[in-house]
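Some notes on the structure that comes next.
The values are calculated or read from the model by the stated rules, or taken from the named source; none is laboratory data. Since we're looking at a predicted model, the values are computed, not measured. As a convention, Cβ positions derive from the backbone with ideal geometry for all residues, glycine included, and neighbour counts pool all protein chains shown.
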Amino acid sequence: MGRNIDLSNTQQYLEWLKTKLYLDSIAPNAKNRVVKRGEVYKCNLGKGIGSEECKERPCLVIQNDAGNIRSPNVIVAPITHTNSTLPIVVPLANQYDSSGQILLNGNVLLGNIICVSKARLGDYVTKLNSDEMKKVDEAIAVSLDIKRHYDTLKNILDDKLDYIDKLKKKIRNLEEDKSQYVNMFSKFDDLQKELGFEGFDDMIEQIKLRFKK
């Protein structure tokens, strides 16, 4: 290892090691904890490497609820006060408790999704509403590069719906034409009766006879 190692954070890493040992000791009991998608918990991310999210901070549960029940781990996205206009960052509306204190604010970072042990989860904070979770889902699709697949499917669906609309329009036009023709034939029948013809064939025969004369 030819690089110089910065030892200034050694104490922080040692403290985090002690915390990790404690969290590991409670993991067998924590695995049965039931959490739900859309809920926010305090989560001890510890001491990270490089630009990884670290320390205790609120995190949003984004794992499906079947996994939340069965798995000892949970997939979360950190919530920070990092401001960004990137499509993988979802700003949250401020949430307050009954005394007017802020429960939650900030932005969900869907570019920093992480799987953690339930032992890392602390207190329950709050739950995001359906509109916010819809934005989270859209940001997840962008972050994991699966949005393009949904876009392709959406384009196919839109084309099918457009084709169906055109067919419906043609059917409506045909029904209008049918109505007009029915009306014309009705008037034609009335005219035949008015002229004394017993039917279409009789009218043709009468016309032929008149031309022969």
**OP:** Check whether at least one residue in the range 10-26 is out of contact with any strand residue (DSSP E or B) (no Cβ under 7 Å at 6 or more places or on another chain) and farther than 19 Å from Arg120 by Cβ, and report yes or no.
**Re:** yes
**OP:** Considering only the range 97-213, give the helices (runs of 4 or more DSSP H) lying wholly within it that have at least 3 residues that are touching a residue at least 40 places away in the same chain (Cβ under 8 Å).
**Re:** 130-143
**OP:** Taking Asn44 as the residue in question, decide whether it is under 30 Å from Asn129 (Cβ atoms) and buried (at least 16 other Cβ atoms within 10 Å of the Cβ).
**Re:** yes
Original post:
How many of the residues in the range 73-96 are among the β-branched types (Val, Ile, Thr) and free of Cβ contacts under 8 Å to residues at least 12 places away in the same chain?
Top reply: 1
**OP:** State all residues of the range 93-119 that are closer than 21 Å to Lys134 by Cα, surrounded by 11 or more Cβ atoms within 10 Å (Cβ to Cβ) and polar (S, T, N, Q); if no residue qualifies, say none.
**Re:** Gln95, Asn105, Asn107, Asn112
Original post:
Out of curiosity, is Leu157 out of contact with any Gly (no Cβ under 6 Å at 6 or more places or on another chain), more than 30 Å from Tyr41 (Cα to Cα) and modelled with pLDDT of 85 or more?
Top reply: yes
**OP:** Spot the failing condition for Thr126; the list is (1) farther than 30 Å from Gly50 by Cα; (2) touching a Leu at 6+ places or on another chain (Cβ under 7 Å), and only one is missed.
**Re:** (1)
Subject >> Of all residues making up the range 120-156, the number that are of a type outside the set (A, V, I, L, M, F, W, C), more than 30 Å from Pro28 (Cβ to Cβ) and surrounded by fewer than 11 Cβ atoms within 10 Å (Cβ to Cβ) >> reply: 7
**OP:** Output yes when any residue across the range 61-79 is surrounded by fewer than 13 Cβ atoms within 10 Å (Cβ to Cβ) and in a strand (DSSP E or B), and no when none is.
**Re:** no
